[in-house]
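Notes follow the structure.
What follows is calculated from the coordinates using simple rules that are stated; it is not laboratory data. All values derive from a computational prediction rather than experimental measurement. All Cβ positions, glycine included, derive from the backbone under ideal geometry; neighbour counts span all protein chains shown.
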Amino acid sequence: MLNAVPFCKAQREILKILSGKVVVGHAICNDFRALKYFHPKALTRDTSKIPLLNQKVGLPENTAVSLKRFAKELLHKDIQV
């Protein structure tokens, strides 16, 4: 990590990119927490909280499903191996 970009600089650049944008991700709250950032809910699309995706996988709507499982069940792709 000797040549790593300092956290505050990386955070500042990332937040400039995210500002005012719709952000799409899976369990994106974890990424926001790591950045010490709050993104407006109206501009956030979290695929881990979309009941229709759970239905397509055949699971209850209120169950948390990993991105790995969604990829396997919906796309027939192995990820994070």
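Residues satisfying the criterion are present in the range 34-42 (criterion: small (Gly, Ala, Ser) and surrounded by 10 or more Cβ atoms within 10 Å (Cβ to Cβ)). Of all residue pairs spaced 6 or more apart or on separate chains, those with beta-carbon atoms under 6 Å, a first member in the range 2-27 that is without any contact (Cβ under 8 Å) to a residue 40 or more places away in the chain and a second member that is surrounded by 13 or more Cβ atoms within 10 Å (Cβ to Cβ) and part of a loop (DSSP other than H, G, I, E, B) are Gln11/Leu35; Val23/His39.
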